[in-house]
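Peer 1: Structure provided below as structure tokens; questions to follow.
Bear in mind that the values in this text are calculations on the coordinates, not laboratory data. Treat the numbers as computed from the prediction; the structure is a model and nothing was measured. Counting neighbours? That spans all protein chains shown, and the Cβs are built from the backbone with ideal geometry, glycine included.
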Amino acid sequence: MATTTKETSPTPTAPAAPAGVDKGADKAVRDVPTRRISFEESLRSVPKHFAADGDLIASHLIATLSSLFPDGEDFFVRSVRHYRSQISDPELKRQVTGFIGQESVHGREHRAFNDRLAELGYPTKRYEQLVRWALTAREKVGPPQVNLAVTAALEHFTATLAELVLSDEDFRNRMGHPAVRDLFLWHALEEAEHKAVAFDVYRAIGGSERVRIWTMKVIRKAFAVVTVLMVIGSLLRDRATYRPGTLRASWRRFKQTPFLQRQLWDQLRSYDRRGFHPDDRDTTELVAQWREALFGAEGTLNDKLTSVAAAAA
Ligand SMILES: [Fe+2]
Ligand SMILES: [Fe+2]
């Protein structure tokens, strides 16, 4: 995986109090605003193989990830909201409000993208239903604390992927169509902004390290297997997959991506360490840069915003 050393996103070197995070005596104060935004119009022009060079696997992988998000994020919201009334720290409570606001908008925008992908022949709506069914079934059998542990683990996944999107220009370019890049950039920024919220709620309610680490070990394998199977299922429905040489050329390109590099998986595994905290990896400078680039005075996504609300406790 490319690290935070590229031109657009230098490695943060000063962990003390950059924009968006104020590290107090022992408590981080994070700004987690709810940005009401709409990508719907720009997503209407997305073509079937929207990834760079019309790449087959990249298009299907991005489509599959998008189909996991809306119901996955609804599950995150329910898992965290369940404990909201038990949180006494007003700062964490304020962050929870921001987390719920951000995840709700992510779900809505990815549903719009998934609708467009379904028009193009991707099985995104069927996958959404499958995820909804699986997570609802999980909630029926598992205690709320494990749901929160699952959420914290998956938030580490999204934070790791977010850092990749924000720090690796080549990775962003591989997404191809500008509307897809914008959608994932905005989502990545907000995942980085709220990356520790579910984790801090888990700690605040007394969640154990043993359950947290054990949950991640299960989730990591399950997420990888399910995603691969879904991508294969999506590819099998696409006529382009059967065009001589197309899949092979795409696979050659895919082998160069961070998904098959050790660094990404090491970063995911760092969660298994006792005492781990999402802020161990300082992305505050990266977040500050992208806030300015996307939503600052000359922000490239300002025209898509309808409103921004600071989270209240
Ligand atoms: Fe999200
Ligand atoms: Fe998230």
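Peer 1: In debye to the nearest 20, how big a dipole does the range 46-309 give about its Cα centre with +1 on each Lys and Arg Cβ and -1 on each Asp and Glu Cβ?
Peer 2: Computed charge dipole of the range 46-309: roughly 1300 debye.
Peer 1: Looking at the range 143-231, which GluC sites (Glu not before Pro) are in a loop (DSSP not H, G, I, E or B) and have at most 16 other Cβ atoms within 10 Å?
Peer 2: Loop-located and lightly packed - none at all.
Peer 1: Taking one equal scatterer on every alpha-carbon of the range 46-309, how large is log10 of I(q)/I(0) by Debye at q = 0.15, 0.16, 0.17 1/Å?
Peer 2: Relative scattering, expressed as log10 I(q)/I(0), comes to -1.18, -1.35, -1.51.
Peer 1: Right, here's the next one. Taking a ≥ b ≥ c as the square roots of the eigenvalues of the Cα gyration tensor of the range 33-72, is the shape rounded (a/c under 1.5), prolate (a/b larger than b/c) or oblate?
Peer 2: Cα axes put the range 33-72 in the oblate bin.
Peer 1: Right, here's the next one. Report the full-extension gain for the segment Ala310 to Ile205: residue separation times 0.36 nm, less the Cα-Cα distance, to one decimal in nm.
Peer 2: Contour length minus Cα-Cα distance gives 35.3 nm.
Peer 1: Out of residues 5 or more away from Arg36 or on other chains, whose amide H comes under 5 Å of its own, with H placed 1.01 Å from N in the peptide plane?
Peer 2: It is Thr306, Ser307, Val308, Ala309, by chain and number.
Peer 1: Which of Leu268, Leu148, Leu166 moves the most in a Gaussian network model of the chain with Cα springs under 10 Å?
Peer 2: In the Gaussian network model the winner is Leu268.
Peer 1: If you don't mind, there's one more thing I want to ask. Taking θ as phi - 60°, what are the ³J(HN,Hα) couplings along the range 44-59 by the Karplus curve (6.51, -1.76, 1.60), each to the nearest whole Hz, with x for Gly and Pro?
Peer 2: 5, 8, 5, x, 4, 9, 7, 5, 3, 6, x, 4, 6, 5, 4, 4
Peer 1: Continuing with this model, one more query. Given the rule -39500 (n - 2.57) for each run of at least 4 DSSP H residues, summed and divided by the residues of the chain, what is its mean residue ellipticity at 222 nm, to the nearest 500 deg cm²/dmol?
Peer 2: Calculated from helices alone, the mean residue ellipticity at 222 nm is -20000 deg cm²/dmol.
Peer 1: Step through the residues of the range 292-301 one at a time and calculate ³J(HN,Hα) from phi using the Karplus curve (6.51 cos²θ - 1.76 cosθ + 1.60, θ = phi - 60°), rounding each to whole Hz and writing x for Gly and Pro.
Peer 2: Karplus values, whole Hz, x for Gly and Pro: 5, 5, 8, 10, x, 4, 10, x, 6, 10.
Peer 1: What shape does the range 209-296 take by its C-alpha gyration tensor, where a ≥ b ≥ c are the square roots of the eigenvalues and a/c under 1.5 counts as rounded, a/b above b/c as prolate, and the rest as oblate?
Peer 2: It is oblate, given that a/c is not under 1.5 and a/b is not larger than b/c.
Peer 1: Another question, then. In whole Å, how far is the Cα centre of the range 245-280 from that of the range 168-204?
Peer 2: 15
Peer 1: Working from Cα positions, state the angle (0 to 90°, nearest 10) between the long axis of helix 209-236 and the longest principal axis of the chain.
Peer 2: So the helix axis and the longest Cα principal axis differ by about 20 degrees.
Peer 1: Which of rounded, prolate, oblate describes the range 55-98, given a ≥ b ≥ c as roots of the alpha-carbon gyration tensor eigenvalues and a/c under 1.5 marking rounded, otherwise prolate only if a/b is larger than b/c?
Peer 2: prolate
Peer 1: A follow-up question, please. Among His187, His177, which comes first, second and so on when ranked by fewest other beta-carbon atoms within 10 Å?
Peer 2: With the sparsest Cβ surroundings first, the list reads His177, His187.
Peer 1: Say the dipole of the range 31-148 comes from +1 at the beta carbon of Lys and Arg and -1 at that of Asp and Glu; which of Phe75, Leu43, Leu65 then lies farthest toward its positive end?
Peer 2: The residue sitting farthest along the positive end of the dipole is Phe75.
Peer 1: Looking only at Ser59, Ser85, Ser38, which one moves most when the chain is put into a Gaussian network model with springs between Cα atoms under 10 Å?
Peer 2: Top of the fluctuation ranking is Ser85.
Peer 1: With +1 assigned to the C-beta of every Lys and Arg and -1 to the C-beta of every Asp and Glu, and no other charges, what is the dipole magnitude of the range 101-251 about the Cα centre in debye, to the nearest 20?
Peer 2: 800
Peer 1: Using a simple charge model, +1 on the beta-carbon of Lys and Arg, -1 on the beta-carbon of Asp and Glu, nothing else, what dipole does the range 80-152 show about its Cα centre, in debye to the nearest 20?
Peer 2: The calculated dipole for the range 80-152 is roughly 200 debye.
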